[in-house]
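Colleague: Structure below; questions to follow.
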Amino acid sequence: LSGSGKSTVLNIIQKLFEGYYAIFSAADLGASSNAFAMTPFRDNPLVAIDHDGNLSNIKENGLINSIVSHEELIINEKFKATYTSRVQAFLFVGTNKPVKITDSKSGLLRRLIDVHPSGRLVDEDRYHILVNQVDFELGAIAAHCLAVYRSMGPHYYSGYRPVKMMYETNLFYNYVEYNYDIFRTQDYVTLAQAWDLYKIFCVEAN
């Protein structure tokens with residue numbers, strides 16, 4: 001949601017990683033036509049940030065999957081010869097739109113952590129006071145983040161699935177969830193019944 005503090009948090013992350021972050025376009029990575037989408041990663045940043053991203057209409061998620069899997073990729077910069085590099089960046093994307101999760105085999109299912117604002121807002125005067133104090137608190141913020149990471153462990157999100165995002169963008173997931181009570185009470189589901197239920201679901205979901 002707009003005005004919920006996404007950019008404020010991303011600005012703090014930029015301050016924490018000054019000199020080690022890059023600004024990129026998530027929409028360009030998800031498009032099949034942008035030959036230079038990898039240019040922001042030429043200096044191999046630790047963190048890559050898109051303050052106002054849009055992954056609601058991903059045409060091809062292979063590039064995004066390869067980046068977050070830290071695979072070796074071809075970097076194509078304007079007026080330069082192509083070369084390969086292994087991107088080690090952690091991607092942060094602020095967006096007001098749901099991320100398109102195409103199917104159960106989408107690599108985004110294993111790699112996307114869906115973060116939602118708490119809704120706990122402060123008034124504008126208090127907000128500006130807090131933002132002005134951030135620079136002084138960077139060390140404490142970093143120490144807190146490190147402590148939380150160590151307490152949770154490196155594999156905390158290994159079994160995580162972005163279920164809320166799947167509800168919003170994966171129609172077939174919605175169909176199964178919508179008819180869950182019917183499927184659960186039966187020993188099996190015939191293809192004819194599943195198809196009839198799917199047609200009803202499509203009409204009711206418009």
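Colleague: Are any residues in region 63-92 open to solvent by less than 60 Å² (accessible area, probe 1.4 Å) and of a type in the set (Asp, Glu), and if so, which ones?
Modeller: Matches in region 63-92: Glu77 only.
Colleague: In region 188-201, which residues are without any contact (Cβ under 8 Å) to a residue 12 or more places away in the chain, open to solvent by 60 Å² or more (accessible area, probe 1.4 Å) and in a helix (DSSP H, G or I)?
Modeller: Leu191, Ala192, Trp195, Asp196, Lys199, Ile200
Colleague: I'd like the full set of residues that are open to solvent by 60 Å² or more (accessible area, probe 1.4 Å), under 27 Å from Pro98 (Cβ atoms) and of a type in the set (Ser, Thr, Tyr), limited to region 167-187.
Modeller: Hits for region 167-187 are Tyr167, Tyr173, Tyr178, Tyr180.
Colleague: Could you count how many residues in region 1-15 are of a type in the set (A, V, I, L, M) and open to solvent by 50 Å² or more (accessible area, probe 1.4 Å)?
Modeller: Count: 2.
Colleague: Anything in region 19-39 that is surrounded by fewer than 15 Cβ atoms within 10 Å (Cβ to Cβ) and in a helix (DSSP H, G or I)? List them, or say none.
Modeller: none
Colleague: Give the residue, chosen from Tyr175, Tyr167, Tyr160, that is under 19 Å from Val115 (Cα atoms) and in a helix (DSSP H, G or I).
Modeller: Criteria check complete, one pass: Tyr167.
Condition check ((1) open to solvent by 30 Å² or more (accessible area, probe 1.4 Å); (2) modelled with pLDDT under 80) across all residues:
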| site | (1), (2) |
| --- | --- |
| Phe17 | yes, no |
| Phe41 | no, no |
| Glu60 | yes, yes |
| Pro98 | yes, yes |
| Lys105 | yes, yes |
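This table checks each residue for (1) more than 28 Å from the chain's Cα centre (by Cα); (2) β-branched (Val, Ile, Thr).
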position	(1), (2)
Val122	no, yes
Leu138	no, no
Val148	no, yes
Tyr156	no, no
Met165	no, no
Phe183	yes, no
Trp195	yes, no
Ile200	yes, yes
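The values are calculated or read from the model by the stated rules, or taken from the named source; none is laboratory data. Not measured: the values here are computed from a predicted model. Heads up, the Cβs are rebuilt from the backbone with ideal geometry, glycines too, and the neighbour counts pull from every protein chain shown. Calculation scope for accessible area: heavy atoms of the full protein, side chains included, ligands and nucleic acids excluded. Shrake-Rupley method; radii C 1.70, N 1.55, O 1.52, S 1.80 Å.
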